[in-house]
1. Among the residues of the range 1-47, which ones are of a type in the set (D, E, K, R) and assigned to a helix (DSSP H, G or I)?
2. Going by the conditions given, is residue 368 surrounded by fewer than 22 Cβ atoms within 10 Å (Cβ to Cβ), in a helix (DSSP H, G or I) and in contact with a Ser or Thr (Cβ under 9 Å, 6 or more places away or on another chain)?
3. Among the numbered criteria (1) modelled with pLDDT of 85 or more; (2) assigned to a loop (DSSP other than H, G, I, E, B), which single criterion is violated by residue 66?
4. Please go through the range 245-261 and pick out each residue that is crowded, with 21+ Cβ neighbours inside 10 Å and either modelled with pLDDT under 85 or touching a strand residue (DSSP E or B) at 6+ places or on another chain (Cβ under 6 Å) (or both).
5. Scanning the range 339-364 for residues that are buried (at least 24 other Cβ atoms within 10 Å of the Cβ) and among the hydrophobic types (A, V, I, L, M, F, W, C), which turns out nearest to the chain's Cα centre (by Cα)?
6. If a residue has to be in contact with a Pro (Cβ under 7 Å, 6 or more places away or on another chain) and not in a helix (DSSP H, G or I) to count, how many in the range 271-304 make the cut?
7. Condition test on residue 80, is it within 18 Å of the chain's Cα centre (by Cα) and without any contact (Cβ under 8 Å) to a residue 40 or more places away in the chain?
8. Regarding the range 114-121, can at least one residue be identified that is touching a Cys at 6+ places or on another chain (Cβ under 9 Å), crowded, with 18+ Cβ neighbours inside 10 Å and farther than 27 Å from residue 32 by Cα?
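The values are calculated or read from the model by the stated rules, or taken from the named source; none is laboratory data. This is a predicted model, so every value here is computed, not measured. We place every Cβ from the backbone using ideal geometry, glycine too, and count neighbours over all the protein chains shown.
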Amino acid sequence: MNPTKLIFWAALGICVNVGLARFSYGIMLPSLRDDLGLDYATSGGLNAVHLLGYLLGTLVAPTLARHIGMQAVARLGHVVLCLGAIACAATPIAASGPWVLGVGRLLMGLGGGLAVLAILVIAFAAIAPSWRGPVSMLAWGSTGIAIAATGALLPFLPDPDWAWRGVFLVCAAFAALLALVFPPRGLANAPPATGTGFNPWHALSPRWVFLNAHYFLFGVAYVAYATFAGTRMAALRTVPWLVAATWAGYGVAAMLGAAITAWALGQVKWRERALMGAGICGALGSLVASGGTPELAFFGACLVGLGLAATPALVSAFARDRSPAEHYPRAFSIATACLGVGQLLGPALAGGLADRFGTVAVPLFAAAVYGLGVLAALADGRVTR
């Protein structure tokens with residue numbers, strides 16, 4: 001079949017499963033907190049629940065694929081995501097509201113974890129090795145489209161206090177569409193979920209340990225920042241148009257960062273530095289965002305965005321390069337598990353810090369963790385050189 005069609009649907013899948021299902025939470029959080037009476041710790045915990053579901057979905061997907069096939073896993077993931085988004089949209093303004101929202105977010109994460117792993121395995125199996133890096137960048141860069149679109153549409157929503165329900169319904173609609181059309185018909189079967197001879201302890205070898213450590217630290221930092229970026233701007237009394245512009249800039253920068261990284265992957269001398277560069281952007285941007293003005297929050301978001309899509313795209317491509325085709329699903333699953341544990345810790349820790357020290361503590365925390373990730377990326381470049 002035409003790989004262009006597959007790549008388009010794969011990019012849309014990442015856009016919905018990650019860009020819309022995950023990152024829209026940050027811009028919806030101020031309204032959610034007001035409607036449901038949430039403190040910062042609970043707000044972060046609800047996002048951690050979503051990311052727990054994503055972790056579980058990613059870990060289960062390879063085993064499930066052995067029984068029903070990778071294409072069926074992709075469709076199942078989108079169905080589960082759709083049901084979870086509908087549950088979130090129906091959250092009541094009552095004492096049970098946070099529980100309903102938590103269940104919905106868990107289902108959305110579970111569906112996203114199943115679908116994203118299946119999407120990448122299917123796409124990488126259908127294209128030439130030389131195209132895997134650029135395709136990975138395109139797919140992950142599509143998260144920026146969802147982030148930018150959410151920010152751009154914010155000023156035009158008729159009722160901002162109820163807009164979060166609309167965002168969840170839009171996510172449900174796109175997930176239902178993907179359940180029907182992805183993977184496209186006529187697609188050859190993806191390789192087995194894992195072949196013989198795969199040893200999970202390879203994740204602790206020098207070839208993997210620093211890459212996985214970087215991905216773990218990235219998970220802590222970026223989710224901590226993204227979960228409370230909107231809340232930080234609300235604390236700074238940012239005017240609505242600048243909030244929208246900040247979120248749009250965050251998304252556009254994510255797309256730009258993915259494009260720059262795609263170029264870097266083709267340059268031998270820049271390839272091993274790309275991961276470190278993405279982490280430096282995150283650290284500097286988080287530090288800038290800790291400033292006391294909405295304008296600094298805007299510029300910080302743009303810097304953080306440059307590394308946002310680049311990092312998972314790089315790890316996806318590196319994991320594929322470092323493992324044979326039949327082992328890639330399991331190798332990527334382990335790498336994503338490291339990311340998932342970081343994502344679980346990030347919003348929970350950041351929420352506790354915000355309750356104790358105020359919202360300024362969140363970007364400072366993210367900057368410090370991003371910095372540790374840069375060191376891990378530097379070590380990875382040295383041992384794999």
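1. Of everything in the range 1-47, those that are of a type in the set (D, E, K, R) and assigned to a helix (DSSP H, G or I) turn out to be 5, 33, 34, 35.
2. Answer is yes for this residue.
3. Unmet condition: (2).
4. 258, 261
5. 339
6. 1
7. So residue 80 passes the test.
8. There is no residue in the range 114-121 that is touching a Cys at 6+ places or on another chain (Cβ under 9 Å), crowded, with 18+ Cβ neighbours inside 10 Å and farther than 27 Å from residue 32 by Cα.
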